[in-house]
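Just below is one structure, and these are the notes that go with it.
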Amino acid sequence: MEQKSFSHGSAILLGVLIGAGVALGGYFIGDGFYRARMGERYVTVKGLVERDVKSDLALWTISYTAAGPDLNQANAASEEDLRLVMAFAMAHGFNSDEVEVQPAAVTDTFGSQYQNRQPDPSHRFIIKSGVRIRSSRVNKVRQASQDTGELVKRGVVLGENYPQAPQYFFTRLNDIRPAMLAAATRSARAVAEQFALDSHSRLGPIRRANQGVFEVTSRDASGDQSQTDEQNSIDKKVRLVSTVDYYLIN
């Protein structure tokens, strides 16, 4: 009798365990379907933020060319040009820390690469050099670049790239990055919340996010603007488009 009673109790316990297992299995399976279903319902939105900034660094190379019938005379002419360019830079308020003399390149026009030409003997040797101004005083650089006619009047032959426009850069992107990322995220969430409202859903957690790429352009850039246009502009625009996926919950 005791053996039968024990077997009957074991059978009851086994039934309870099996039932619990089935119930738990059903929960996990149901939860899995719910998650899969929730994973299928999400919206992809973009958050846009733009900020106007001003360049904080200017690079400007004033290149010049001197020539002479022999190397000594060409070098003397180049040194005179250097003196005039340095005087020009100092007269516009730049200090020695902001001005750097560039290496010189010497060409002998009687060399083999010019044999098909008839070079002018008075310009046999050509020396190209320049002075680079690197300054955080971008307005001063812009003003000086507009006065290069003074050098021409003094006999300085400016380089082949004349007019030589300064290049302007914004170097403090890391200072504004966190605030712009936060603003782009808020912008994306506002769009997602409106979508959820229109679709009679509730906005769930973020499924996936891509911060996007910071783009620096001229403040008044057009659609076909080049990098050169951006570098020639003191006033710039920083633009960020972030992409975020949000789950939608019924």
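The values are calculated or read from the model by the stated rules, or taken from the named source; none is laboratory data. Predicted model, so just to flag it, every value in this text is computed and none were measured. Ideal geometry is used to build each Cβ from the backbone, glycine not excepted, and the neighbour counts take in all protein chains shown.
Counting only strands (runs of 3 or more DSSP E) that sit completely within region 155-250, those holding 1 or more residues that are farther than 30 Å from Val138 by Cα and either in contact with a Ser or Thr (Cβ under 6 Å, 6 or more places away or on another chain) or modelled with pLDDT under 95 (or both) correspond to 202-210, 235-249. Quickly run through region 59-89 and pick out the residues that are touching a strand residue (DSSP E or B) at 6+ places or on another chain (Cβ under 8 Å), assigned to a helix (DSSP H, G or I) and closer than 19 Å to Gln164 by Cα. Listed by number, the residues that qualify are Ser78, Asp81, Leu82, Val85, Met86, Phe88, Ala89.
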